[in-house]
Ligand code: TYM
């Protein structure tokens, strides 16, 4: 049976890339699938986080899910550290994954920077924990932005190697073909890789030092308007067809953002704005962005003002997540040959 899982790190500055690349997909998939959405606080601390800020950011990401339309009653919303099976399975996966596989992870190279010797061991093992997040539920579909594709491929490799390494034990326990499904990334639509508003060759990111590079979900209408107006563009008017966006990364980015916010195709947007100057296109983009993001920001503010409510949503979600994770983790222990307390 298909099951959706995805996660977002509570590391501050939730932005338009997170919203269009991931959170809007979370909302849409609820109609057709059972979904589990996780605030991955254990991933967050692979880079040091101020504890007080971390607590607030866990609640803020939860509020963003709810404000965008995730239904925590019909689906599951929780924070990772409340379900200890994630960490348990991650250890088993650390013993399945090969060092060579992790050495190829481009996100580790980017985040560790030049001083790789000084990066945390957790940052290195990050993709193994991510595989555990997904597979502890035996989830089959994972909506993410383009930047997570390599991590998803690693999760598939880990699932495959576990199934192979323990094939006899898995069959003996009556699980048939393989214990873990190979999870499929869902990376679709015009905004799978939203770029910086200041530089069309860099992705929009929580950690960019310039706040003008991104639109935060918490930005008010004035901030959104200023950032869009200041967004880098080239001097040509908009093309009327998609081929005209080639080698124009800033134009491509703004058109992709518009299309995703309007739930239209790029081609459709260009059919309307082809030949227009950026100044008029940007004015329409501001109106659209404010109309879509304004209510979400306001609802996030309302929700975060009541931390007890958010915490109760997370506790309820964690309980229901555990009910799925626990029997799966028990099965893994049996497959590996551990003795369990019964
Ligand atoms: P994180 O917290 O960096 O980002 C959350 C989601 O937002 C997407 N995203 C973007 N999409 C389009 N354009 C962008 N500029 C952009 N920036 C971020 C990300 O692709 C992601 O979908 N490793 C994950 C968190 C994670 C996870 C998981 C995801 C942990 N365990 C299990 C899926 C399944 C991460 O750091 O996302």
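The values are calculated or read from the model by the stated rules, or taken from the named source; none is laboratory data. Every value quoted in this text rests on a predicted model; they were computed, and no experiment measured them. Here Cβ is always computed from backbone atoms with ideal geometry, including for glycine, and neighbour counts include all displayed protein chains.
Report the residue count in the stretch 177-209 for those that are more than 14 Å from the ligand (Cβ to nearest atom) and out of contact with any helix residue (DSSP H, G or I) (no Cβ under 8 Å at 6 or more places or on another chain).
1
Do any residues in the stretch 30-43 that are on the phi > 0 side of the Ramachandran plot have Cβ atoms under 7 Å from those of residues that are at pLDDT below 95 and in a helix (DSSP H, G or I), where the two are at least six apart or on different chains, and which pairs are they?
Once the first residue is on the phi > 0 side of the Ramachandran plot and sits in the stretch 30-43, no partner that is at pLDDT below 95 and in a helix (DSSP H, G or I) comes close enough.
Can residue 92 be described as at pLDDT 95 or above and closer than 27 Å to residue 293 by Cβ? Before the answer, list the steps.
Numbers: at pLDDT 95 or above: yes; closer than 27 Å to residue 293 by Cβ: no.
Here the answer is no, as residue 92 does not meet what is asked.
Out of all the residues in the stretch 24-35, is one or more within 13 Å of the ligand (Cβ to nearest atom), touching a helix residue (DSSP H, G or I) at 6+ places or on another chain (Cβ under 8 Å), within 18 Å of residue 5 (Cα to Cα) and not in a helix (DSSP H, G or I)?
Taking every residue of the stretch 24-35 in turn, at least one turns out to be within 13 Å of the ligand (Cβ to nearest atom), touching a helix residue (DSSP H, G or I) at 6+ places or on another chain (Cβ under 8 Å), within 18 Å of residue 5 (Cα to Cα) and not in a helix (DSSP H, G or I).
On the basis of being in a loop (DSSP other than H, G, I, E, B) and farther than 22 Å from residue 128 by Cα, does residue 57 make the cut?
When the stated conditions are applied, residue 57 does not pass them.
Got a sec? Which of 261, 238, 254, 293 is within 28 Å of residue 53 (Cα to Cα), at pLDDT 95 or above, in contact with a helix residue (DSSP H, G or I) (Cβ under 7 Å, 6 or more places away or on another chain) and surrounded by 20 or more Cβ atoms within 10 Å (Cβ to Cβ)?
Checking each option against the conditions leaves just 293.
Among the candidates 52, 4, 70, 40, which residue alone is in contact with a strand residue (DSSP E or B) (Cβ under 9 Å, 6 or more places away or on another chain) and within 19 Å of residue 301 (Cα to Cα)?
On the way: 52 fails: in contact with a strand residue (DSSP E or B) (Cβ under 9 Å, 6 or more places away or on another chain); 4 fails: within 19 Å of residue 301 (Cα to Cα); 40 fails: within 19 Å of residue 301 (Cα to Cα).
Just one listed residue meets the conditions, 70.
For the stretch 58-89, what are the residues that are farther than 18 Å from residue 315 by Cβ and surrounded by 23 or more Cβ atoms within 10 Å (Cβ to Cβ)?
Passing the criteria: 64, 89.
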